[in-house]
1. So, in nm, how far is label residue 21 from label residue 42 when the simple model puts each one 7 Å beyond its Cα toward the Cβ?
2. The chain: Rg/Rh from Cα coordinates, Kirkwood Rh?
3. Only four residue types carry charge here, +1 at the Cβ of Lys and Arg and -1 at the Cβ of Asp and Glu. Report the dipole size of the chain about the Cα centre in Debye, rounded to the nearest 20.
4. Which residue, 71, 57, 39, has the largest displacement toward the positive end of the dipole of the chain when charges sit on each Cβ (Lys, Arg +1; Asp, Glu -1)?
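FYI, it's all coordinate maths here, none of it is from the lab. Everything quoted here is computed from the prediction, not taken from an experiment. Using ideal geometry, Cβ is built from the backbone for each residue, glycine included, and neighbour counts are taken over all protein chains shown.
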Amino acid sequence: MALLSASMPSVQIKNVPDDIHRVLRRRAAEAGQSMQEYLLALLADHAERPTLADVFARIDQRTGSGLDTAFIVESIRADRDAR
């Protein structure tokens with residue numbers, strides 16, 4: 001993870017429900033981290049993962065299957081709805 005500097009932007013989250021705050025505070029303590037360190041690590045992990053749209057875009061760029069991603073998704077949904 002990159003080192004923090006004074007020029008980095010910050011994020012503020014308001015109106016966090018008490019029960020969620022308690023869980024996050026406990027998990028941060030269990031990890032031996034401050035709340036800021038813990039949440040930054042969670043955000044960094046989340047930001048590093050591709051979105052579903054990113055995954056589908058990469059699939060669309062591949063060649064060889066000859067099938068459209070939209071067709072595949074609709075086929076899966078139809079199969080699930082039939083169950």
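1. 1.4 nm
2. 1.18
3. Value, rounded to 20: 220 debye.
4. Positive-end residue among those listed: 39.
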